[in-house]
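A short worksheet on the structure shown next.
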Amino acid sequence: MFEKSIKELAEGLRQGEFSSQELTKAYLDRIDQYNGNLNAYITVAHEQALADARAADEKIAAGPANIWTGIPFAHKDIFCTEGLLTSCGSKMLSNFVPPYDATVATNFKQAGAVCLGKANMDEFAMGGSNENSFYGPAINPWSTDTSLVPGGSSGGSAVAVAARLAPAATGTDTGGSIRQPAAFCGLTGLKPTYGRVSRYGMVAFASSLDQGGPMARSAEDAAAMLQVMAGYDAKDSTSVKQAVPNYSMHLNQDLKGLRIGLPVEYFNKHLNAAMQKVLEDAIKLFEARGAVCKEISLPHTELAVPAYYVIAPAEASANLSRFDGVRYGYRCDDPQDLMDMYMRSRSEGFGTEVKRRIMVGAYALSAGYYDAYYRKAQQVRRLIKNDFMTAFETVDVILGPTTPSPAFGLGEKGDDPVQMYLEDIYTISANLAGLPALSAPAGTIDGLPVGMQLIGNYFDEARLLAIAHQFQAETNWHTQAPKTELTGL
Ligand code: GLN
């Protein structure tokens, strides 16, 4: 049951092989048994999940239902879920039970899916290791001797799916937070085009970059998830009015003649030799299928990290000003006056990295510095976008690594924020440009999964999923499970 795809689970439910209640119960049992090791979930919605499963069983018995009806999944704890704690990995929201659902949450509900609970994450999605969570880090299920990070910020979602504590999970990606944990945990993760998935009810980090997307065990499952998540939403002013294709139907589109660009700035001396080998093997496979690879240049690549780490904190400093202890969220004890309440609620409610970003962002936006930092970073952002537009004149898709290396150790980069930021070197550009990008498992290094990244042109999600799907038809990296003590698999 734990190895079945979404489609197979849906068939199993329809054929009465198992009920949604049995399926949900089986997942809840695994969560009860292994979440203590892995810390994948902040909240497990035992009762609600079983009630939803019961309703789904009735719907299926009554006649034709959505493919998602009765299928369990997990939400990153950044999506507002009515009546269910939505902490965003922060002490600031550790008491926040939203009175409404995010559009993405509504979509899954309407499809009849069963939410198992809310997945761990870096506080306010700021981080790349899950170590910034107020609830402690999620643990990479591939860890053996030492504990490895699952990546972040959607680390709990990745761990839940990789450790078979959920068939699939939602994530969000502002600078790599779907793709990097997907790479570290052996999953397929997709950051859609900016505007493809509604941001309504998704706690805001950097609004011009944030985008929700699927984290799944295969491209086929990711396609099924994106189908539910994508679409125009009047409640999000940046949502795009464009028809949503049938992603599952496009999975077998022919790769013959596909033009793949290999950026010289990704394949250079900084790329780990083992990672280079993994990617070369993938490239060979695509060439054997009739794809044509060619070198391209994205000349402003090295400016992506510095530009992002001005723009994202600037937007975060504005977004997070709403957490003032007044309307909702954490409030300090015994405030002496209004100023004391603001100051102590924010000092006590936010963690170190979040405070660092607020300070950096406020500084970059302040009078006298705005032009030197924020405006300059926005100009660099345009250059990065232009690099991609030039590249897409001659190629259909861009291939490279998702991360510089496989999962690193817990605590290894904790003391040096810049080291942590540099982890995002390959993922951030797609967010700055608003492009869709996918990570799929492409091999292992010392037994640990690593990902290849595919960056597409705007709204080309179907093509990215098709490329990954056909890669997965000929390889089995994506079917490997972390058979460690932590998971009992
Ligand atoms: N690691 C990046 C950061 O810390 C990306 C986070 C994200 O995509 N949410 O900002």
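Under 13 Å from the Cβ of ASP29, count the other residues' Cβ atoms, weight Lys and Arg +1, Asp and Glu -1, and hand me the total.
Result for the local shell: +1.
Considering only DSSP beta bridges whose two residues both sit in the chain, what percent are antiparallel, to the nearest 5?
Counting only bridges with both partners in the chain, antiparallel ones make up about 70 percent.
Over the Cα atoms of the range 1-62, compute the convex hull volume and normalise it per residue, giving Å³.
Once divided by residue count, the hull of the range 1-62 is 83 Å³.
Would you compute the Debye intensity of the range 238-301 from its alpha-carbon atoms alone, equal scatterers and no solvent, and pass along log10 I(q)/I(0) at q = 0.16, 0.24, 0.26, 0.27 Å⁻¹ to two decimals?
The Cα Debye sum returns log10 ratios of -0.75, -1.01, -1.07, -1.10.
Distances longer than 18 Å among the Cα atoms of the range 245-366: what percent of all pairs is that?
Cα-Cα pairs in the range 245-366 separated by more than 18 Å: 71 percent.
How big, in percent, is the set of alpha carbon pairs in the range 407-468 lying more than 18 Å apart?
51 percent
When the Karplus curve 6.51 cos²θ - 1.76 cosθ + 1.60 is applied with θ = phi - 60°, which whole-Hz ³J(HN,Hα) does each residue of the range 255-264 get, with x for Gly and Pro?
8, 4, x, 4, 9, 9, x, 10, x, 4
Tell me, PHE459, PHE134, PHE73 in order of fewest to most beta-carbon neighbours within 10 Å?
If I rank by nearby Cβ atoms, fewest first, I get PHE459, PHE134, PHE73.
So which of LYS191/LYS385; LYS4/LYS25; LYS256/LYS284; LYS91/LYS355; LYS25/LYS118; LYS4/LYS118 end up more than 18 Å apart, counting from Cα to Cα?
Correct reply: LYS4/LYS118.
What ranking do PHE96, PHE408 get, fewest neighbouring Cβ atoms within 10 angstrom at the top?
Going from sparsest to densest Cβ surroundings: PHE96, PHE408.
Step by step: find N for the chain, compute 2.2 N^0.38 Å, then divide the Cα radius of gyration by it. What's the final number?
Against the compact-globule rule of thumb, the ratio is 0.92.
Can you put LEU454, LEU489, LEU438 in order, fewest other beta carbons within 10 Å first?
LEU489, LEU454, LEU438
Return the Rg/Rh ratio of the range 4-127 with Cα-based radii and a Kirkwood Rh.
Radius of gyration over Kirkwood radius for the range 4-127 works out to 0.99.
Dimensions of the range 88-149 along principal axes (Cα, Å, largest first)?
Per principal axis, max minus min of the Cα coordinates gives 43, 27, 16 Å.
Write down the Kirkwood hydrodynamic radius of the range 67-211, to one decimal in angstroms, obtained as one divided by the mean of 1/r over all alpha carbon pairs.
Hydrodynamic radius (Kirkwood, Cα pairs) of the range 67-211 is 14.8 Å.
Would you compute, from DSSP H runs of 4+ residues alone, the mean residue ellipticity of the chain at 222 nm, taking -39500 (n - 2.57) per run and dividing by the full residue count, rounded to the nearest 500?
-11500 deg cm²/dmol
Grab every C-alpha pair in the range 31-92, bin the distances at 10 angstrom width from 0 up to the longest one, and report whole percents.
Computed distribution, short to long bins: 18, 41, 30, 9, 1.
Looking at the range 171-257, what % of the alpha carbon pairs are farther apart than 19 Å?
So the portion of pairs separated by more than 19 Å is 40 percent.
Along its principal axes, what span do the Cα atoms of the range 433-489 show, with the longest given first and each in whole Å?
42, 25, 19
Normalise the Debye intensity by I(0) for the range 217-260, one equal point scatterer per Cα, no solvent, then take log10 at q = 0.33 Å⁻¹ and round to two decimals.
-1.10
Please report, largest first and rounded to whole Å, the three semi-axes of the ellipsoid equivalent to the range 373-489, where each semi-axis is the square root of five times an eigenvalue of the C-alpha gyration tensor.
The equivalent ellipsoid of the range 373-489 has semi-axes of 29, 23, 9 Å.
Every number here is computed from the coordinates shown, using simple stated rules; none is lab data. The model shown is predicted, which means the values in this text are computed figures rather than measured ones. All Cβ positions, even for glycine, are placed from backbone atoms using ideal geometry, and neighbour counts span all protein chains on display.
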